[in-house]
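This report refers to the structure that appears directly beneath it.
The values are calculated or read from the model by the stated rules, or taken from the named source; none is laboratory data. The structure presented is a predicted model; accordingly, all values stated were derived computationally and were not measured. Virtual Cβ from ideal backbone geometry, glycine too; neighbours counted across all protein chains shown.
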Amino acid sequence: MHQEAYGLGLGHWVPSKHVPEAGVQLVRAALDAGRHEDADKHLQELLAHTTNDDISALDCELIATVKRTRLQQ
């Protein structure tokens, strides 16, 4: 089910047009689906259109979680 949710979100997300929370949810879906490289890529796209503080306000652990999974690979 995680893979399907990730695929659905990816097909509709436009970082420059959607609210940051949509990107946060996509990054979370990628992590839940085990797609850690994609999560990192989407986080970088999200950061290009918002700030760390905006993301942390929505999900205080997201950036740390993505960094942690990057180090584990």
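Residues that are β-branched (V, I, T), at pLDDT 90 or above and either in contact with a Pro (Cβ under 6 Å, 6 or more places away or on another chain) or under 14 Å from T69 (Cα atoms) (or both) are absent from the stretch 45-52. Here K17 passes the criteria (1) at pLDDT below 90; (2) assigned to a helix (DSSP H, G or I); (3) loosely packed, with under 13 Cβ neighbours inside 10 Å except the one numbered (2).
Annotation note: Cβ proximity below 9 Å between a residue of the stretch 39-59 that is assigned to a helix (DSSP H, G or I) and a residue that is surrounded by 16 or more Cβ atoms within 10 Å (Cβ to Cβ) and among the aromatic types (F, W, Y) (sequence gap 6+ or interchain) occurs for H42/W13; E45/W13.
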